[in-house]
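Have a look at the structure below, then the notes.
Rule-based calculations on the coordinates, nothing more; no lab input. All of these numbers come straight from a predicted model, not from anything done at the bench. Cβ sites come from the backbone with ideal geometry, for glycine too, and all protein chains shown count toward neighbours.
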Amino acid sequence: TELALQQSQKMEAVGRLTGGIAHDFNNLLTAILGNVDLALRRLGDGDERLKRSLNSARQASERAASLVQRLLAFSRQHPLEVRAVDVNKLVQGMSELLRRTIGETITVESVLAGGLWKTAVDPNQLENALLNLAVNARDAMPGGGRLTIETANTYLDDAYVTANASDVSSGQYILIAISDTGGGMSKEVIERAFEPFFTTKPSGSGTGLGLSMVYGFVKQSGGHIKIYSEAGEGTAIKLYLPRLMDENQVEPWVPTEPAAERK
Ligand code: ADP
């Protein structure tokens, strides 16, 4: 619990710091991009070599801008909107988005349990978390593969809690497991994976914030997260969200139109 608290305080501080820096960077990048564009226009049909360098400066600034956007999205503090969520429905509503994000070389399979309990979480945060996990799975399978999303009613018993999850109590949980057939993670990577800014991806492609966001969401929701992976063996990430015992206590989640249509 102490550790989880430290981690969440660290995340909050990092979030605030990043937000400030990202905001300033965004302004600077806008200035750089504006001036590069101006120079390109002035140059017209002029010096080809100069145009090439300006264009590569432009591309680099655009990449930086998209990174900054992701950092801003991370640090933005939305008010929490907790709802009684039907996770199966939420996953089904995301299927189109997931398929588009993941590309054609990867098959997406979902195994959704019947009679799934509800959980009280912020549905937007849960969608973001699942999207982050799917993006990681995609990045781990550049040559294609299979992504599986599984849901189940489950029970974390005292033995499991003592051994793996001192930060939650034993009881009923909804399990969401995201597995891939990708390159897997070494022990060292698993140990650091939830740290903000920890990434093994080439600079410019990873922010190292995905899993720390997912971790933050799960902890905030009173849940538990565990990584099962080995280098070369694929990865399974299991999220445990507490069962909502009294559904009348929490406003029901109403899927937005497009998500509902996609059912
Ligand atoms: P990012 O994806 O930007 O690197 P994350 O916090 O989401 O940041 O992930 C941290 C690191 O954990 C990744 O750089 C990668 O090394 C590892 N990782 C996460 N998910 C997977 C996965 N499904 N398969 C293999 N490695 C993963």
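Structural remarks
- Alpha-carbon gyration tensor eigenvalues x 5, square-rooted, for the stretch 18-76, Å: 28, 10, 6
- This ranking places His224, His23 by how few other beta-carbon atoms lie within 10 Å of each, fewest first, which gives His23, His224.
- Remark: Asp122, Asp180, Asp246, Asp139 ranked as Asp246, Asp139, Asp122, Asp180, counting other beta-carbon atoms within 10 Å and listing the fewest first.
- Distribution of pairwise C-alpha distances over the chain, 10 Å bins, in %: 6, 25, 32, 22, 9, 4, 1, 0
- Of the GluC sites (Glu not before Pro) found in the stretch 24-112, those in coil by DSSP whose Cβ has at most 10 other Cβ atoms within 10 Å are Glu104.
- Expected 222 nm ellipticity per residue - DSSP helices of 4 or more, -39500 (n - 2.57), all of the chain, to 500: -16500 deg cm²/dmol
- Computed lengthening from Ile227 to Ala57, 0.36 nm per intervening residue step minus Cα-Cα distance: 57.3 nm
- Projected onto their three principal axes, the Cα atoms of the stretch 189-244 cover extents of 40, 24, 16 Å, largest first.
- Neighbour counts of C-beta atoms inside 10 Å place Val135, Val85, Val254, Val91 in the sequence Val254, Val135, Val91, Val85, starting with the fewest.
- FRET efficiency for Leu112 and Asn26, using Cβ-Cβ distance with R0 set to 30 Å, rounded to 0.05: 0.15
- Given Lys89/Lys219; Lys201/Lys238; Lys118/Lys219; Lys89/Lys226; Lys51/Lys201, the pairs whose alpha carbons are separated by over 20 Å: Lys89/Lys219; Lys201/Lys238; Lys89/Lys226; Lys51/Lys201
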